[in-house]
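Reading through the structure tokens given below for one structure.
The values are calculated or read from the model by the stated rules, or taken from the named source; none is laboratory data. Source: prediction; values computed, not measured. No Cβ is skipped: glycine too gets one built from the backbone with ideal geometry, and neighbour counts run over all protein chains shown.
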Amino acid sequence: MTSITTMQPKGQVFPPPTAFQSQALIQSVAAYEALWNYAKDNPEAFWGGQATSLLTWDMPWGVVRTGTGMQSQWFTGGYLNASVNCLDRHLETQGDKLALIAEGEPGEVWRLTYRDLHREVCKLANGLRSLGLQQGDVVAIYMPMVPELVIAVLACARLGLMHSVIFAGFSAEAIRSRNADAQAKLIITADGLYRRGAVIPLKETVDHSLEGASSVEHVLVYQRTGASVSMHPGRDLWWHDLMAMQSETCAPVSVPAEHPLFLLYTSGSTGTPKGIVHTTAGYLLGTALSHRYIFDLKPTDRYWCTADAGWITGHSYVIYGPLCNGTTVVMYEGAPNFPDWARFWKIIETHGVTQFYTAPTAIRSLMQQGDAWPEKHDLSSLRLLGTVGEPINPKAWMWFHEKIGKTRCPIVDTWWQTETGAIMIAPLPGAISTKPGCATRPFFGIVPDVVDHHGVPVGENQGGLLVVRQPWPSMLRTIHGDHDRFLSQYCQVVPGDVYFTGDGARRDADGDYWILGRVDDVLNVAGHRLSTMEIESALVSHPTVAEAAVVGKPDEVRGEAICCFVTLKATEHAGGELKKQLQFHVVAQIGALARPQEIRFVQALPKTRSGKIMRRLLRDLAADRPIAGDVSTLEDLATLDTIRAASTEDDT
């Protein structure tokens, strides 16, 4: 198969701001390259040294890595506890430092020091132990983004229990299928959560998920909203009642380095969600190391990642990485537009946020509302911005840079996956020049490559398959209950014992990596494999367009035709003339080969609850096929019906 054709024009380059660079942990390209090359050439010495300096061990390991390639195991013989690394080891030197500043959607604020958080985690761990849970059992967590969610996660880690956090927006069926696969014994939930001023009933959804046979023995309910709920005698317990009976001290369970820390389910194209398994030491090391350097941590930082803990970003960069590093973490429960579109900017001003890490979807939504909202608030506390979840289009990147960062805050555009556990490619903010829409350089210990389907590296600025050539500690170990699926999906697609990411990419003349999106989303037009991300970026650069998603539609002549789903800014009107303008705009930006055959104006795009556009559903809609595969992560099923009603007029 040929490589992916990429035609995106070269854009601007932004060196690290001088004031930021002079205070950064890594201050030059030379320093970055020296450490990256050392890690590449001496991986066991590098990872062993980092594990010694960043983690607290109960028993040191004997061997840094055993096994081969993507089936490696790390720090064999070592024992530790994740909650100790996130809490206990900070108590003597910074026990009174704020660990969490959490804001509820109605406006209440909770402030917990490391000592406070440690006390509450110990009490809940004792409560879980009193329910008969033992090391290796699975606990499902279905909760709002309040401190109790963090407490629940770390209480599980303290006892060596595996947690399975389920986003508090999933349906009863999604909870049921995940709990059945994990054989969860307990589910921790709340009576409800606040979303855009309304109360979403969580306990009721959990009750429906438990109808019929279930492995769940107990339901622990946190009283968040005061809503009336049904409590099943002998099965259901109130959080406050359980906590009231517990001691404030709890001896942590020391677990082997490879002990599974958690399961996290991610959607699969076959309709069966995959339970990704991450282990304790390697995962904790990857998140702590990447968080420290990519976000250039300082002791006084107040760091805010807007991700929900139901996704890997929330696990890695709301909970484990930041708390392992002793950071003050800002959390927010609700929607970015409640009570208005200034909510994020008000939180940054109120709590003095220094690092703001969010998704391109959120940035585009905020940008669409205009500059007046952020201009109402003092954002001068910010010193670094970050993006996560999918490639960010250059137009949104520039707005983020100019209107939010005021051109003085570097942007770390991070590429990684649920499966990788930690950030893999991103600019070190004091060392690497950034380019709008570019993930730039691999992190320490990460050795990526861009290859064809035979595993042969492609040339400079040629698109291909993104692979990782060396194992790293935070990588997934397996898919729960289906190791053959793990091997076939990640280890056996491309020859050479490499990790196959499923993404396309290109490497430019500077050695920087540009992510082209999922390989499944690459189009095959008249024998040319085109990146959907580049076409989407061209569309969004037009002043009328808010968001765009591009998919292929079967075509007898071309093989695939380019079909674009477009949402417009609120003041714009759809029509045939605008379709022609957008077609000409794409041709001018990229080339005639990328001219869209079909443009459909829609009110909204189908997205997961984490904000990612579900392009595989759009492929089915474009081809007039029935929707196939897992839709449990879809935010709003009604979106699909709305898109079906959109025009299918062929503009050619």
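The table below gives the values:
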{"item": "Hits in the range 311-351 - residues which are buried (at least 21 other Cβ atoms within 10 Å of the Cβ) and of a type in the set (Gly, Ala, Ser)", "result": "314, 316, 321"}
{"item": "Qualifying residue in the range 272-293 (condition: in a loop (DSSP other than H, G, I, E, B), within 28 Å of residue 445 (Cβ to Cβ) and basic (Lys, Arg))", "result": "no"}
{"item": "Filtered residues of the range 551-597 (kept if hydrophobic (A, V, I, L, M, F, W, C), outside any strand (DSSP E or B) and at pLDDT 90 or above)", "result": "578, 582, 584"}
{"item": "Among (1) assigned by TED's automatic domain parsing to the domain that holds residue 218; (2) basic (Lys, Arg); (3) over 15 Å from residue 87 (Cα atoms), the one test that residue 111 misses", "result": "(1)"}
{"item": "Single match in 537, 541, 531 (criterion: crowded, with 24+ Cβ neighbours inside 10 Å, small (Gly, Ala, Ser) and touching a Pro at 6+ places or on another chain (Cβ under 9 Å))", "result": "537"}
{"item": "Restricting the range 411-434 to residues that are of a type outside the set (A, V, I, L, M), more than 20 Å from the chain's Cα centre (by Cα) and crowded, with 22+ Cβ neighbours inside 10 Å, the residue that is farthest from residue 360 (Cα to Cα)", "result": "430"}
{"item": "Residue, modelled with the highest pLDDT, within the range 515-550, restricted to residues that are within 22 Å of the chain's Cα centre (by Cα) and assigned to a helix (DSSP H, G or I)", "result": "536"}
{"item": "Yes/no for residue 101 being in contact with a helix residue (DSSP H, G or I) (Cβ under 7 Å, 6 or more places away or on another chain), among the β-branched types (Val, Ile, Thr) and within 25 Å of residue 302 (Cβ to Cβ)", "result": "yes"}
{"item": "Unique residue being small (Gly, Ala, Ser) and in contact with a Phe, Trp or Tyr (Cβ under 9 Å, 6 or more places away or on another chain) when the list is 559, 575", "result": "575"}
{"item": "Strands (runs of 3 or more DSSP E) enclosed by the range 369-478 - at least 1 residues per element that are touching a helix residue (DSSP H, G or I) at 6+ places or on another chain (Cβ under 8 Å)", "result": "384-387, 411-413, 464-468"}
{"item": "Search result, residues across the range 449-478 that are under 23 Å from residue 281 (Cβ atoms), surrounded by fewer than 23 Cβ atoms within 10 Å (Cβ to Cβ) and not aliphatic (A, V, I, L, M)", "result": "469, 470, 477, 478"}
{"item": "Evaluation of residue 61 against (1) in contact with a Cys (Cβ under 8 Å, 6 or more places away or on another chain); (2) crowded, with 20+ Cβ neighbours inside 10 Å; (3) at pLDDT 95 or above (one fails), failing number", "result": "(1)"}
{"item": "Counted residues, the range 108-128 - those being in contact with a Leu (Cβ under 8 Å, 6 or more places away or on another chain), without any contact (Cβ under 8 Å) to a residue 40 or more places away in the chain and either more than 13 Å from residue 249 (Cα to Cα) or not in a helix (DSSP H, G or I) (or both)", "result": "4"}
{"item": "Condition met for residue 561 (in contact (Cβ under 8 Å) with a residue 12 or more places away in the chain, of a type in the set (A, V, I, L, M, F, W, C) and in contact with a Pro (Cβ under 9 Å, 6 or more places away or on another chain))", "result": "yes"}
{"item": "Cβ pairs under 9 Å, 6+ apart, first in the range 180-200 and in contact (Cβ under 8 Å) with a residue 40 or more places away in the chain and farther than 21 Å from residue 218 by Cβ, second in a loop (DSSP other than H, G, I, E, B) and among the aliphatic types (A, V, I, L, M)", "result": "194/335; 195/335; 196/335; 197/335"}
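Residues checked against (1) in contact with a helix residue (DSSP H, G or I) (Cβ under 7 Å, 6 or more places away or on another chain); (2) surrounded by fewer than 24 Cβ atoms within 10 Å (Cβ to Cβ); (3) assigned to a loop (DSSP other than H, G, I, E, B):
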site	(1), (2), (3)
140	yes, no, no
145	no, no, yes
153	yes, no, no
174	no, yes, no
188	yes, no, no
208	yes, yes, no
216	yes, yes, yes
224	no, yes, yes
